[in-house]
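Here's the structure we're looking at; comments come further down.
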Amino acid sequence: MTVERHDVVIVGGGIAGLVAAWALRDRDVVLIEAKDRVGGRIFNKRRDHNWMITGAHFIGGPDSPMGQLAAELGLETIRAEGEMATVWKDGRLVRGGRFETYPFRIPLSLAGRLSLIRTGIRLRLANMRARRYSDDPIRGLDGFDGPAVTVAGHPGLDAETFDKTLGRMHPEVEAIMRTIVNRVTAESHEMSGHFGAALVGNLWAKKTMDRRTILGGLTELTEAIAQRLGNRVMRDAPVEAVVADKDGVTVRAIQGGKEVMIAARYAIVATPAPITRRIVAGLPGDKAAALDAVRYGPYLNMAMLTNEVGPMSYDDIYMVGVIDRSFCMLYNTMNPVRRKGAPRTPGGALVVHSGAHQAAALLKRTDDEIRDIFLKDVYEIFPETRGIVTETWVQRWELGYPYWPPGRLGFQEALARPFGPIHFSGDYVGYASTGPTSQSSFLAAREVRKKLEAA
Ligand SMILES: Cc1cc2nc3c(=O)[nH]c(=O)nc-3n(C[C@H](O)[C@H](O)[C@H](O)COP(=O)(O)OP(=O)(O)OC[C@H]3O[C@@H](n4cnc5c(N)ncnc54)[C@H](O)[C@@H]3O)c2cc1C
């Protein structure tokens, strides 16, 4: 069998692998992807003026790693200015206004209202404690600049579960919190207090993020990188083993039923944690244990294409938190193109996300059953969508999102540390979103470059 030789081999063609390959594009680099498409959890399909999205949809502003990458690739980003904090409960859509006013506007019993105010205050305080360790416990990770990914967090909050941080809640408030936390594929008893406080508490924070999307969807970016890398991207080639040896690293993949061997001086493994754990041979005990400790929850999503010819009541809404229905979030992903004063382009696209226990239960159903369950609830929330949905796309993400369980900060060092010539990147290495993920790859690529240059 012939063995291909390269400077660097990258395993996995999600945003992590693509960014690593892009950062090393002037070197002899090859990227190996298991599927017939790159992008991983970035996945959308274009339909005339619209695009259906079942994976990641928004990125940071022009200064964020993804914003900079989009500019470098000549892609246009558009700001998502729509309402982000709309809530649907018991037939009522609560939209606009400050988040702090919600306890008075969401349909709740008196006991529920009081409990929501109490929970809000607890969350605000926990968020302030979390922020002492980083200006923004989530977005603060975008800017890190060391040899490997580091994360900051409040040790006390990291040690406890988020339901302990929240304290006792009225059942109506529990349902609201479930909607918010299920969005990151976990329950509050599964995630750490730090993770929950950072994530949910930011809703109460004054700072509004510059959220953007790419015209055409984020797949425009992953495809643009893959296209520029050309035949250095191998698709349909699941990697079976990554083995460090005296000359560097050897990767065994299967393509078209045949075994392919690739030798390289360095590897960047950019696959989700359980896959990384399985394919990298001989990992030291603490690194293997850290990978085993990464927790993913499932997502089950459905994108819908609609064919309306005029404005819809939800044109100004980006995100709706949905209480006690089959999904927790409904996104109007075409909202960023609806500019005030601009002509309303025909059609649109929505997507619903269900996560954690909701998704786990529905994942056992067929796509047709899932479609019917989701559509029934979509029609209830926005009755005007009845009869205009022309296409649906159900997407199952079993490894949806690596949320932080209690104790997560303790295994950061082992997760981020290279193993001989093998470096690691991906969303589980830091915080799961495209910005920090791409940053983890820039860092891995920079370390590999230094080693190549030193040699
Ligand atoms: C529904 C959803 C919505 C999200 N929304 C946002 C958002 O709006 N904004 C945001 O910033 N983030 C969002 N995220 C998070 C973001 O999508 C992820 O953090 C990021 O895309 C992860 O990239 P990755 O490269 O680490 O992993 P992945 O995208 O999972 O890529 C891993 C790649 O490795 C490949 N692979 C697996 N096994 C092998 C093997 N044996 N050999 C070779 N290749 C292999 C896979 O096929 C895949 O292409 C969302 C995630 C989901 C699921």
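The values are calculated or read from the model by the stated rules, or taken from the named source; none is laboratory data. Note that the coordinates shown come from a computational prediction; the quantities given were computed from them, not determined experimentally. Heads up, the Cβs are rebuilt from the backbone with ideal geometry, glycines too, and the neighbour counts pull from every protein chain shown. Accessible surface is based on the protein model in full, side chains and every heavy atom, while ligands, DNA and RNA are left aside. Shrake-Rupley method; radii C 1.70, N 1.55, O 1.52, S 1.80 Å.
List of remarks:
- Unmet criterion (only one of (1) within 13 Å of the ligand (Cβ to nearest atom); (2) surrounded by 17 or more Cβ atoms within 10 Å (Cβ to Cβ); (3) not assigned by TED's automatic domain parsing to the domain that holds HIS49) for ARG278: (2)
- Scanning the stretch 27-54 for residues that are within 12 Å of the ligand (Cβ to nearest atom) and open to solvent by 10 Å² or more (accessible area, probe 1.4 Å) returns GLU33, ALA34, LYS35, ASP36, ARG37, GLY40, ARG41, PHE43, ASN44.
- First in the stretch 329-341 and open to solvent by 40 Å² or more (accessible area, probe 1.4 Å), second anywhere and hydrophobic (A, V, I, L, M, F, W, C), Cβ under 9 Å, 6 or more apart: VAL337/ILE78; VAL337/LEU215; ARG339/ILE78
- Looking across the stretch 431-455, the residues that are open to solvent by 50 Å² or more (accessible area, probe 1.4 Å) and farther than 30 Å from LEU199 by Cα come down to ARG449, LYS450, LYS451, GLU453, ALA454, ALA455.
- One residue from LEU18, LEU24 being of a type in the set (A, V, I, L, M), surrounded by 22 or more Cβ atoms within 10 Å (Cβ to Cβ) and within 11 Å of the ligand (Cβ to nearest atom): LEU18
- Hits in the stretch 386-437 (condition: among the charged types (D, E, K, R) and within 13 Å of the ligand (Cβ to nearest atom)): ARG396, GLU398, ASP427
- For the stretch 152-174, the set of residues classified as of a type outside the set (Asp, Glu), within 17 Å of GLY410 (Cβ to Cβ) and over 22 Å from the mean Cα position of the chain (by Cα) consists of HIS154, PRO155, GLY156, LEU157, ALA159, listed by residue number.
- Among (1) open to solvent by less than 60 Å² (accessible area, probe 1.4 Å); (2) without any contact (Cβ under 8 Å) to a residue 60 or more places away in the chain, the one test that ARG132 misses: (1)
- Within the stretch 226-242, considering residues that are of a type outside the set (A, V, I, L, M, F, W, C) and in contact (Cβ under 8 Å) with a residue 60 or more places away in the chain, the one farthest from VAL8 (Cα to Cα): ASP236
- Filter result for the condition that a residue is more than 30 Å from GLY321 (Cβ to Cβ) and more than 13 Å from the ligand (Cβ to nearest atom), over VAL269, VAL249: VAL249
- In the stretch 288-305, the residues that are touching a residue at least 24 places away in the same chain (Cβ under 8 Å), open to solvent by 30 Å² or more (accessible area, probe 1.4 Å) and farther than 23 Å from PHE374 by Cβ: ALA289, ARG295
- Strands (runs of 3 or more DSSP E) (entirely within the stretch 57-122) containing at least 2 residues that are at pLDDT 90 or above and out of contact with any Ser or Thr (no Cβ under 8 Å at 6 or more places or on another chain): 86-89
- Taking the stretch 252-262 as the range and being within 23 Å of ILE15 (Cα to Cα) and more than 10 Å from the ligand (Cβ to nearest atom) as the test, the residues that pass are ARG252, GLN255, ILE262.
- Qualifying residue in the stretch 7-16 (condition: under 30 Å from GLU172 (Cα atoms) and touching a strand residue (DSSP E or B) at 6+ places or on another chain (Cβ under 9 Å)): no
- Only a single item in (1) within 10 Å of the ligand (Cβ to nearest atom); (2) surrounded by fewer than 21 Cβ atoms within 10 Å (Cβ to Cβ) is not met by GLU308, and it is number (1).
- Qualifying positions in the stretch 131-164 - among the polar types (S, T, N, Q) and modelled with pLDDT under 95: SER134, THR150
- Qualifying residue in the stretch 363-386 (condition: on the phi > 0 side of the Ramachandran plot and either touching a residue at least 24 places away in the same chain (Cβ under 8 Å) or in a loop (DSSP other than H, G, I, E, B) (or both)): no
- Taken together, the criteria exclude SER109 from residues that are free of Cβ contacts under 8 Å to residues at least 60 places away in the same chain, hydroxyl-bearing (Ser, Thr, Tyr) and either touching a His at 6+ places or on another chain (Cβ under 9 Å) or within 30 Å of ASP236 (Cβ to Cβ) (or both).
Here's the yes/no breakdown for (1) within 21 Å of GLU160 (Cβ to Cβ); (2) assigned to a helix (DSSP H, G or I); (3) in contact with a strand residue (DSSP E or B) (Cβ under 9 Å, 6 or more places away or on another chain); (4) in the same structural domain as ALA21 (by TED's automatic domain parsing):
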| site | (1), (2), (3), (4) |
| --- | --- |
| PHE411 | yes, yes, no, yes |
| ALA414 | no, yes, no, yes |
| TYR428 | no, yes, yes, yes |
| ALA432 | yes, no, yes, yes |
| PRO436 | no, yes, no, yes |
| LEU443 | no, yes, yes, yes |
| ARG446 | no, yes, no, yes |
| LYS450 | no, yes, no, yes |
